[in-house]
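Okay, so here's the structure we're looking at.
Every read-out reported here was derived from the displayed coordinates using simple, explicitly stated rules and does not represent laboratory data. Given the structure is predicted, the values throughout are model-derived calculations rather than measurements.
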Amino acid sequence: MSASDFALPGKPGKTPGAKGSYPMDTPGRAQNALGKAKRFATPEEQATIKKRVTSKYPNMKVKGGRPQPTKKK
């Protein structure tokens, strides 16, 4: 996966070769990233993750703090 497939970029020096945290290369992983961010990320990181996920998947809805898959009509 490329660095753009992660909601948070890798931190230089922490883990050599790490591209980032919270993968969002598929809609399912993006939903998982939102859920995990709510439990483990700081408020600033949560805002960044939500912004990156909604930017990549604009039709994905977040309702009541929990990610919801979009329904096809």
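A few comments on the model shown:
- ³J(HN,Hα) computed for each position of the range 32-47 - Karplus, 6.51 cos²θ - 1.76 cosθ + 1.60, integer Hz, glycine/proline x: 5, 4, 5, x, 5, 4, 4, 8, 10, 8, 6, x, 5, 5, 4, 5
- Net lengthening on full extension, S55/K38 (0.36 nm per residue, minus Cα-Cα): 4.3 nm
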